[in-house]
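Single-structure report; data block below.
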Amino acid sequence: MIDILIPTYNRAEFLRKNILLLNRLINDSGLQSEFRIIISDNCSTDDTPDVLEHLEKSLNIKIHIFRQNQNIGLEPNALFLLERATSDYVMYVGDDDYLPNEYIEFVVEQTNRKNLSCIIPGYSELLPGDVIKPKRNAIFDFKEYTAGFATACKLSHFGHQLSGLVIKREGLYDAYTQDEEHRNIYPFVFFAAYCMLRGSTYYAPKFQVLVSQGNSKDWRYDDSGLLIDIFKNYKIVFPGAPLKAALASIYFAKIQSWRLRIGGNPINTIKAFSHLIGSREVSPLVKISLFALYPYCYIEKVLHFLRRQFSGASST
């Protein structure tokens, strides 16, 4: 069985649509015995409790609902769900994000393989008006990666987008919570990296999860796009190995250079750089790398722009 974990807060109608979609996908594939949905309502103030009560009575799939007495925060709510899961694998799904057709069949097929530790889907932005904008583009439908540091560096950044992420549950909760000092808003990056070190990973961009854009969040980005929080995950993944933690952090920042505010308002770029340099949580190795990483990312962005311009001119 695979537990689908949905942390939710004040998104009753999106949640209703999501659960009904999951109900259809699971029933149409005949996989009712393979999935259970576990939901934690983080003390919503809208009609989420009424929606869940109605759905619980009307659906024929396994569903287990918890309601927090007070808002405990995004990360504790996600961990609450993980602690209550009992399956070999869990799949996180955002309350306003939607799985694509055939993905759950693919997940069941892959979790029956030996040594699988993680599955990463593709994703597209779901904009207002049901406009879809693909974000993870690749030249392959799916690809297997072997366990190890190289895979964790290359792919763990995908953990920032939780929906559709499938991870092997064993040991995850205890490994993450043993380091209380570095708990953060992005534990899914830790989950992905931890699993990638211990088993094979399937990256399947063929299956595009629809991730809703524009909905209100109960958290916000800081000057460096929460990179400091993200870096904490690598300190937990690589205890006693500061070089590995630094290299993984640098790779993440390079891949998601928008968090560095590269190519945006120069004032915001300076703020992001200063924020990282001034933080005690950022290791000296990472801070030193920023003096090279910022120019590198700027040059890369300029070259990308020039290639696009040259390609456009050549086609006319």
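Side notes on the structure shown:
- Residue in the stretch 73-92 that is more than 22 Å from TYR173 (Cα to Cα) and among the acidic types (Asp, Glu) present: no
- In this structure, LYS254 qualifies as of a type outside the set (A, V, I, L, M), closer than 16 Å to TYR294 by Cα and more than 16 Å from the chain's Cα centre (by Cα).
- Single condition ILE185 does not satisfy, out of (1) among the β-branched types (Val, Ile, Thr); (2) surrounded by fewer than 18 Cβ atoms within 10 Å (Cβ to Cβ); (3) touching a Pro at 6+ places or on another chain (Cβ under 7 Å): (3)
- Helices (runs of 4 or more DSSP H) lying entirely in the stretch 218-281 (those with 1 or more residues that are in the same structural domain as LEU306 (by TED's automatic domain parsing), in contact with a Lys or Arg (Cβ under 9 Å, 6 or more places away or on another chain) and surrounded by fewer than 18 Cβ atoms within 10 Å (Cβ to Cβ)): 242-255, 266-277
- Number of residues in the stretch 61-94 that are part of a helix (DSSP H, G or I) and either touching a residue at least 60 places away in the same chain (Cβ under 8 Å) or in contact with a Phe, Trp or Tyr (Cβ under 8 Å, 6 or more places away or on another chain) (or both) equals 10.
- Single residue of PHE238, PHE231 found to be touching a residue at least 40 places away in the same chain (Cβ under 8 Å) and not polar (S, T, N, Q): PHE231
- The stretch 197-217, residues that are of a type in the set (D, E, K, R) and either assigned by TED's automatic domain parsing to the domain that holds ASP41 or in contact with a Leu (Cβ under 8 Å, 6 or more places away or on another chain) (or both): ARG198, LYS206
- Taking the listed residues SER274, SER279, the one that is out of contact with any His (no Cβ under 9 Å at 6 or more places or on another chain), in contact (Cβ under 8 Å) with a residue 12 or more places away in the chain, small (Gly, Ala, Ser) and under 17 Å from TRP258 (Cα atoms) is SER274, with no other qualifying.
- Verdict on GLU56 being surrounded by fewer than 15 Cβ atoms within 10 Å (Cβ to Cβ) and assigned to a helix (DSSP H, G or I): yes
- Residue within the stretch 79-95 that is surrounded by 21 or more Cβ atoms within 10 Å (Cβ to Cβ) and among the charged types (D, E, K, R) present: yes
- Selection over the stretch 7-35 of residues that are outside any helix (DSSP H, G or I) and crowded, with 19+ Cβ neighbours inside 10 Å gives a count of 6.
The values are calculated or read from the model by the stated rules, or taken from the named source; none is laboratory data. Everything numeric here is computed off the predicted structure, so don't read it as measured data. Neighbour counts run over all protein chains shown; Cβ positions are idealised from the backbone, glycine included.
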